[in-house]
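Report on the following structure.
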Amino acid sequence: MRIVQPAEQVDMARNKRLLNRYRFIEYETLRILAAWLPAAARMEFKLAMGRFLWEEAQHVQLLYQRLREVQTPAFRPPDDPALETLMAEAINAPDARSLLAGIFRVIKPALLNAYRWHRQQTFANPDAPTLYALKHILLDEEEHLAWAAAEFGGQPAGEWELYLARLLAHAGGITGAEARAAKPAPAPARVPFQTPLTAARDCRFTLLQRHWGDADSRRQSDAAARRLDEFENYSQEMLAAETVALIMHLSPNMPWGFVYDSARHCYDETRHCLLGIEWLRQHGLEYTAVPQNTRIYQWRAQYDAATQYCLLTRGNEAHAFPHRRRSLAQYQAAGDRLSAQYVSYDMADERQHVAYGTKWLPTLMAQNNIDMPVEQFIEETVALWQREYVSGDLPLPAEAGAAS
Ligand SMILES: [Fe+2]
Ligand SMILES: [Fe+2]
C-alpha cells in the first residue's frame, strides 16, 4: 500500500493553534465592545454593539465547545505577543466610530477570510465539528461586514484603521502564517482607553439628572399616562445595558460562563431599549424626545462590580415584577395586544437576569474581596438601593464631597 499525502494544509496541531487565535480574537472583540458601549454616544451604535457582542459570545462558545474536545484547558492565550498587541491596542481608538471601523473594516474582514480558507483546508470529515462551528460563525460575520459596509460606506480608511492593519500585518495576519511586517509605531490618534464612568448620549437627547421613579410613585392613576410612561422607560433601558457592559469590563477574570450570560444580559437590555423605541414609533412618537436619565448609570458606576450587579439584579430587576404584572393585566383587559406582548417577552428576559444575579454574585463578590455571607450582602445592597435609588436621590460622590 502506498502512503497518501493529504492536500489539506490544516493538520490537527495547526488546527488547535488557529482555533486558539480565533477564540482569542472573538473574545477580545466581545470585551472591547462591552468596554465601549457606555462610551459610544450614538444610540444606533449602542444598539448594534449590544447585538454584536452577544453574537461574538456565540462565536466564542462555538469555538470553546470545539477547543475543549481537543485541548485542556480549552481557553489558552494565542501564544503570539503580536496578536495580543493587536487586540490590546484595538480598544485605544480615538472615538467610537474609529473603534468600530477598526474592528469591522480591518480585523473582521481578515477573520472572515481566515474562516473561509480554514473551511477549505481542514480535514472535512475528521474535523467536521470545527466546520460546523465556522459555518455558523460565518453567517453572523457576513452580516457584521454588511452592517459596516452600510454604516461606513465609501469612507476611506482613517489613520486608526491603517494602524490596526499594520498591527495585524505584524502578527502575520489572522492565521499568523503571512510574512510578518515590522511593528508599527503607535498611531498619533491613539487614546488610551479609560473606564467610562458616565454614559454618553448623542446631541439629539436631553439628559435628566434625577430619578423618575416608577409610574406608581409618580401617582399616574390614568392608564394611558401610565402606559406611555412604561414604554418611555423601556426606551431608557440602555442604562441597564451600559451597567452590565461596565461590570463585564471591570471583571476580566470572571469565568467564561459569566461572560456568556452577561453578554446575553447586556444584549437583552439593548433589545428592551429598542422595544421602547419601536413602541413609541408605532404610536407616532420619537424616542429622542424622551430625556435620558444617565445619572442612574453614573450613580451605579461609583460602586464595585459586585455591588453594581446586585443593585441591578436584586434591586431593579427583582423588584420590577409586581409592576409589570399589573401592566400586563391592564393591557390584556384593554385588548392592547402589542403592549401585552412586549411586556411578556420582557418579563421572560428579566426572570433570566435575576437568575444570573443569583448564580454569579458569589463569584463576583469573591473577586471584589467582599467577605460576608451572600444573603447579608444582598440585604445590605438592596437597602442601599432603597435608600439611594428608590428615594430618587442617586447621590454622587463628587457632590457629597462638594457639600461637605
Ligand atoms: Fe430590561
Ligand atoms: Fe434586565
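The values are calculated or read from the model by the stated rules, or taken from the named source; none is laboratory data. Bear in mind the structure is a predicted one, so any value in this text is a computation, not a measurement. Virtual Cβ from ideal backbone geometry, glycine too; neighbours counted across all protein chains shown.
Being under 17 Å from residue 254 (Cβ atoms) and assigned to a loop (DSSP other than H, G, I, E, B), is that true of even one residue in the stretch 389-396?
Checked the stretch 389-396: no residue is under 17 Å from residue 254 (Cβ atoms) and assigned to a loop (DSSP other than H, G, I, E, B).
Take the stretch 235-262 and flag every residue that is touching a His at 6+ places or on another chain (Cβ under 6 Å) and in a helix (DSSP H, G or I).
If the condition is that a residue be touching a His at 6+ places or on another chain (Cβ under 6 Å) and in a helix (DSSP H, G or I), then 244 is the only one that fits.
Residue by residue through the stretch 231-271, note down the ones that are within 12 Å of ligand 2 (Cβ to nearest atom) and over 14 Å from the mean Cα position of the chain (by Cα).
Listed by number, the list holds a single entry, 234.
Considering only the stretch 22-116, give the helices (runs of 4 or more DSSP H) lying wholly within it that have at least 2 residues that are polar (S, T, N, Q).
Result: 43-70.
With more than 30 Å from residue 330 (Cα to Cα), at pLDDT below 95 and out of contact with any strand residue (DSSP E or B) (no Cβ under 6 Å at 6 or more places or on another chain) as the only criterion, which of 398, 366 stands out?
The match here is 398.
Provide a single number: the residues in the stretch 225-243 that are under 10 Å from residue 270 (Cα atoms) and either touching a residue at least 40 places away in the same chain (Cβ under 8 Å) or touching a strand residue (DSSP E or B) at 6+ places or on another chain (Cβ under 9 Å) (or both).
Number satisfying all stated conditions: 8.
State the number of residues belonging to the stretch 109-119 that are out of contact with any Gly (no Cβ under 8 Å at 6 or more places or on another chain) and in contact (Cβ under 8 Å) with a residue 60 or more places away in the chain.
Residues that pass the stated criteria total 4.
Give the residues of the stretch 317-363 that are more than 27 Å from the chain's Cα centre (by Cα), in contact (Cβ under 8 Å) with a residue 40 or more places away in the chain, buried (at least 18 other Cβ atoms within 10 Å of the Cβ) and farther than 13 Å from residue 231 by Cβ, sorted by residue number.
none
Quick one: is residue 378 outside any helix (DSSP H, G or I) and of a type in the set (Val, Ile, Thr)?
On the way: outside any helix (DSSP H, G or I): no; of a type in the set (Val, Ile, Thr): yes.
No.
Among the residues of the stretch 142-159, how many are in a helix (DSSP H, G or I) and over 20 Å from the mean Cα position of the chain (by Cα)?
Of the residues in that region, 4 qualify.
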